[in-house]
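Written out below as structure tokens is the structure these notes cover.
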Amino acid sequence: MRALFAAALIAGAALLAPVSALARPDLIDAVITADGVTITEDDKPILFYRIKPADPATEPGRLNYVHPLYAPDGTVLTEDRPADHPHQRGLFWSWHQVRLGDRVVADGWFMKGLTFVVKKTNFATDRTGAGKLVLEVDWIVSSGPELVYVASEKTSVRVQPLKKGARRLDFETVIAPSVDGFSLGGSDDAKGYGGFSMRLIAPDRLVFGSQGKGVVPQVGPVTAGNAMGFAWPSQPGLSQWAVGLSCKVNGKPITQWILRKELSMQNCVWPGRAPVALVKGKPLKLETAVVVRPAAK
């Protein structure tokens, strides 16, 4: 168990270390199709970013998320549409309360009344060898008699080449409201979950670490450091990788976490139960770093 906590702690600490590497500029590449974007390194898949729902007739809002996320050896680290929580989906950012004025007009978590239109997709590499995927997305509320364009989103995913066996992904999502009275809130209960979330494989086997010590999940939010590590036991059939996660909102680190040692997701909590208004001309910026690295032995 000590080694397992060490794996989680190392994964979390890796997010706080500076990352710099000069690499071949052609290592990271992307294949863009109508359904989504596959990002690769040396032709090995890193992630798939879904830009079109697999079933637009029944789930028009099931897009604009990452699944699968692969470890460097090809292990799939995320789940999509698990039987226990079919709405959970890889790496995703969503909120139960999408509000206009005092009304909840959509539930992005359950993908009810909200869908997205991916208007533009771009991918490029830089001199360090990192690849950057940029998507421009419209948020459309469909719960009323007419479609309402409520916000624009610009999400970028910067994918670093492998360095000492580890990979870092940096997400930046900027949400700009296009209407007055727009606000976002987490679940309307004591849990208050919402924001960037991960549905990892075998979540009931995970252990958690932050700030040099193990973290015990609770029903509600747990206060910890600004980085969290996740690891699985070293057993046949389980991942031999660890995952680190850190999140910021408008430059401020998030230190509230929903952690689940059960069949569910993991979440850095923002804004919590109480909705927060987004004002036109003042976009919201979410920054998230994900590190995948070999588990400590």
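HN-Hα J couplings of segment 260-270 from phi, Karplus 6.51/-1.76/1.60, θ = phi - 60°, integer Hz, Gly and Pro as x?
10, 9, 6, 6, 6, 9, 10, 8, 8, 7, 8
With θ set to phi - 60° and the Karplus curve 6.51 cos²θ - 1.76 cosθ + 1.60, what are the ³J(HN,Hα) couplings of segment 149-159 in order, to the nearest whole Hz, using x for Gly and Pro?
Using θ = phi - 60°, the values come out as 7, 9, 6, 10, 10, 10, 10, 10, 10, 9, 10 Hz.
Mind checking which lysines have their Cα closer than 18 Å to the Cα of residue 191? Skip sequence neighbours fewer than 8 apart in that chain.
Straight-distance partners of residue 191: 261.
Relative to the first principal axis of the alpha-carbon coordinates of the chain, what is the inclination of helix 2-13, with its axis defined by its Cα atoms, in degrees from 0 to 90 and to the nearest 10?
Taking the Cα atoms of the chain, the angle to 2-13 is about 50 degrees.
Amide H of residue 46: which non-local residues (sequence gap of 5 or more, or other chain) have their own amide H closer than 5 Å, using H built in the peptide plane?
39, 40, 41
When the chain is fully extended, how far beyond the present Cα-Cα distance does residue 147 get from residue 110, taking 0.36 nm per residue of separation?
The span from residue 147 to residue 110 would gain 11.5 nm if fully extended.
Determine which lysines satisfy two conditions relative to residue 154: a Cα distance under 23 Å, and not lying fewer than 8 residues away in the same chain.
Those lysines meeting the cut-off are 52, 112, 119, 120, 132, 248, 252, 280, 282, 285.
Ranked highest first by average number of other Cβ atoms within 10 Å, how do 89-100, 184-195 line up?
Highest to lowest by the protection proxy: 89-100, 184-195.
Given a Förster distance of 22 angstrom, what is the FRET efficiency for residue 240 paired with residue 211, based on the Cβ-Cβ distance and rounded to 0.05?
0.35
Scan around residue 129 for amide H atoms under 5 Å from its own, H built in the peptide plane at 1.01 Å from N, and keep only partners 5 or more places away or cross-chain.
HN-HN under 5 Å from residue 129: 23.
Spelling out what I want: for every residue of segment 61-66, take phi, set θ = phi - 60°, compute 6.51 cos²θ - 1.76 cosθ + 1.60 (Karplus), and round to whole Hz; glycine and proline get x.
With coefficients 6.51, -1.76 and 1.60, one gets x, 8, 7, 6, 7, 10 Hz.
In whole percent, what relative contact order does the chain give with Cα contacts below 8 Å and a gap of six or more residues?
Across the chain, relative contact order equals 22 percent.
Just order 155-163, 267-275 by mean Cβ neighbour count inside 10 Å, highest at the front, would you?
Averaged packing, sorted descending, gives the order 267-275, 155-163.
So, R0 is 22 Å and r is the distance between the beta-carbons of residue 285 and residue 124; what FRET efficiency does that work out to, to 0.05?
0.60
Quick check on segment 149-192: take the gyration tensor over C-alpha atoms, sort the square-rooted eigenvalues as a ≥ b ≥ c, and tell me if it's rounded (a/c under 1.5), prolate or oblate.
Here segment 149-192 falls in the oblate category.
So who's got an amide H within less than 5 Å of the one on residue 90, skipping anything under 5 residues away but keeping other chains? H placed 1.01 Å off N, in plane.
Amide H to amide H, under 5 Å and 5 or more residues apart or across chains, residue 90 pairs with 79, 80, 81, 199.
Only the coordinates and a few stated rules stand behind these numbers; no lab work does. In this text the structure is predicted, and so the values were computed from the model without any measurement. For neighbour counting, all protein chains shown are included, and Cβ atoms are generated from backbone atoms with ideal geometry for every residue, glycine included.
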